[in-house]
Every structure is written in C-alpha cells, then in structure tokens.
1. Quick check on packing: order 191-200, 260-269 by the mean number of other C-beta atoms within 10 Å, highest mean leading.
2. Quick one: grab the alpha carbon gyration tensor of region 26-112, order the square roots of its eigenvalues as a ≥ b ≥ c, and give me rounded if a/c is under 1.5, else prolate or oblate depending on whether a/b is larger than b/c.
3. Using only helices, what value at 222 nm comes out for the chain when you add -39,500 (n - 2.57) per DSSP H run of length 4 or more and divide by the total residues, to the nearest 500 deg cm²/dmol?
4. Grab the beta carbon distance between residue 71 and residue 31, set R0 = 41 Å, and tell me the FRET efficiency rounded to 0.05.
5. Please compute one quarter of the surface area of the Cα convex hull for region 104-218 and express it in square nanometres.
6. What are the ³J(HN,Hα) values, in whole Hz, obtained from phi via the Karplus relation 6.51 cos²θ - 1.76 cosθ + 1.60 with θ = phi - 60°, for each residue of region 9-25 in sequence order, with x given for Gly and Pro?
7. Working from the pairwise distances between different alpha carbons, so that the mean of 1/r is found and then inverted, what is the chain's Kirkwood radius in Å?
8. Probe radius 1.4 Å, ligands and nucleic acids ignored: give me the carbon and sulfur share of the accessible area of the chain as a rounded percent.
Amino acid sequence: MQKNYGVKFLSFGSALPEQVVKNTDLEKLFDTSDEWIYTRTGIKQRNIISSDESGLTLSLKASKEALSKTKLDPKDIDLIIVATSTPDKLYPSMGCMLQGKLGAVNACAFDISAACSGFIFGIVSAAQFIYSGEYKNILVVGVDVHSRFIDWSERSVAVLFGDGAGAVLMSSCLARDDQILGYSIHSEADKNLDLILENSNISYSNFKKQIEPDFVRMNGKAIYQFAVRVVPEVVAKLLDKTGLKQSQIDYLVLHQANQRIIDYVANKLSFNNSQIISNIEKVGNTSAASIPLAIVSGLSEKKIKTPCKMMLVGFGAGLTWGAIAVDYY
Ligand code: UT7
C-alpha cells in the first residue's frame, strides 16, 4: 500500500493485578499439582483481579505508564483501540471508558475482538490510520481478565489464564522511518468451537429460568496443534513478504499461551534461548495483554536490548493469528 507516513513506537506500559495466585493455591481448588502445571505449561503463578480492580483499572494503569514515558498529553491522543475479549461491559466499550478515565477528549475510541491475537490486530489496525495520515498519535491497549470467565472448580482451563493489560503508544513519522517492517494477519472460522466463551444465554423464552454462567471452554489439544501449525507458517510468510532473513530477527515475542508451544516454535525456527522472550512462568496466559507484557518485562530485565528487530506473533480464538516484524530503536 501507499504509505504517506511511518509508525514510530513511542513507549510501552503494563499493569498486573496485585493478587498473585500460585500453582500451589490452585492445588487447594481442584485435583492438580504444581508439578503438572509447570511441566505442561511452564506456568508457576498468575495475577488475578480483586473486587476493586477491573479490565479498566488495569488498562488505565498500563496507558498512564506508557504516556509517562513520552511528552504526550492525553489530549494529544487521536485514537484509542482496546483489544479485549473479556470487556468489563458489552457497552460502553472499554475504549470509550478508558478515554473518559484518561481525559483523552480529542480521541475517538473503540474495541476490537480478536482474542489472544488482539494486540497484533490492534497495532495493524492503528497503523492503517497512521499510514493514511488520518491520525498522528494512537494508543493501543491489550487487556484481558479471564478470571471473570473461568470455572474455578475445573482444572483443564483454570490453570492457564492470568489477568493483565499492556499498552503501546504509536506516533506518525516519516514513511522511510517506519518501525513496522511488515505484518501478516489471518483468521479462519473455528468450526469445531475448540476455544469458546459464550455471551449471555438469556432469551425471551427462558428469562425466568435460573441462568447458569458460561465459562471458557477449550479443546486444549486442538488449539495446541493449531498454534504449532500456524505460528511457523506466518513467520515464514512474513519473512518472505518483507525480504527479511531469519538471521536478521533478534527476538521472537510469541503470545504466551504455553511454554511448550514457545519452545516448539523456537526450535522449529532455530531461535536460541536468548532470543525467546518469555514471562509465562510469572504471569500465565494473559491473552490480549501477553505480548506487550512480555515486551515490557523483556525490556526492563534487559533480555531485549535495543536497537533490535522483533517478530511479534499472536494466535488465539476465532481462530485468529498474525505476526508483525518491528524495528525497535
Ligand atoms: O491463548 C489461548 C490459546 N490456548 C492455548 O494455546 C492452549 C493450548 N493447549 C495447551 O496448552 C494444553 O493442551 C493444555 C495445557 C491445556 C493441556 O495440556 P495437555 O498436555 O494437552 O494435557 P491433556 O489435556 O492431554 O491432559 C493430559 C492428562 C489427562 O489425564 P489422563 O486422561 O491422561 O489421565 C488430564 O485429565 O492430564 C490431565 N489433566 C490435568 N492434571 C492435573 C488435565 N488438566 C490437568 C490439570 N492438573 N490442571
């Protein structure tokens, strides 16, 4: 496409709930063990919201942290995109509520739903507004609070998810300085509904009956196989599209769904340990927040050294998946 401008990533921010839930805490809820969870997923603990926290409070904290690293005022933000599949309310959108809390009075705001690929889809969507010249400063937030949609008596899904938010501020720059080297996003209908979270099950005819809550339901094996198929494919596709060589990519930042998926992909694509950014042990699978959370912890722990080229890859319910090659400096 014709690009009038390029994208500069100004800053990242992140937020986690205060409460830490360790695997040993889950042992008290259902028949599981720290050993099983750690060896099958790489997760040791996750953060879960308390009653005074929400997706909005986390989004606000992550956004303020990103803003504090720049000279931007909330009034300078032209667009807010919140990627989430666990919004606090079906409406108003998380974007509009965040706009209000931030005082981003000049922004337009909306949400996108692409599950664990949401942050990738959010950045790609934001980039189009920058490339066209429509907007200058855009805030993209990935936030999920799956703890509100988990059956905490059932072990197969409950061990995986944690809550969190991550934010990035993107600004326009000269087209030749574009830090997005390329992207590739995809979707395909999840015909077997291998990963599903129902909405309201109220209907005209049943509204007087007792309504049972709906929880995340997942065919873990099918999603695992989907991930190890599409992630190497999309990375290869993006390398081809951009003309980049695998050896030019310094870091692989994969959606943190399961350490075994990360290890499989790293091995298949010949990335070495120091190039793999992983924080799943400490935060679990935070869905749309997982990529920015991994970037923020990678930068603060100096596992990501700049300048660098990063391959960001998301995958999740929908089914959705996508990758962005970023030149970060
Ligand atoms: O971000 C969204 C995308 N989601 C994902 O990417 C998730 C992808 N899938 C996975 O990460 C894995 O499939 C899981 C971690 C969810 C499950 O691991 P698995 O190696 O596929 O285990 P499994 O479901 O095949 O279960 C193996 C055994 C079963 O027992 P039997 O039938 O062998 O006796 C399960 O009942 O482990 C049992 N099991 C558990 N045991 C202790 C299942 N969950 C647990 C548990 N604790 N939490």
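1. Top to bottom by mean Cβ count within 10 Å: 260-269, 191-200.
2. Prolate.
3. Theoretical 222 nm ellipticity from helices: -9000 deg cm²/dmol.
4. Efficiency for this residue pair is about 0.20.
5. The directionally averaged projection comes out at 11.0 nm².
6. Rounded to whole hertz, the list is 7, 7, 6, 10, x, 8, 8, 10, x, 6, 6, 9, 10, 8, 4, 5, 5.
7. The Cα-based Kirkwood calculation yields 19.9 Å.
8. Exposed carbon and sulfur together represent 51 percent of the surface.
The values are calculated or read from the model by the stated rules, or taken from the named source; none is laboratory data. Quantities reported herein were computed from a predicted structural model and do not represent experimental measurements. So basically every Cβ, Gly included, is an ideal-geometry build from the backbone, and we count neighbours across all protein chains shown. Side chains included, ligands, DNA and RNA excluded: accessible areas come from the protein's heavy atoms. Shrake-Rupley method; radii C 1.70, N 1.55, O 1.52, S 1.80 Å.
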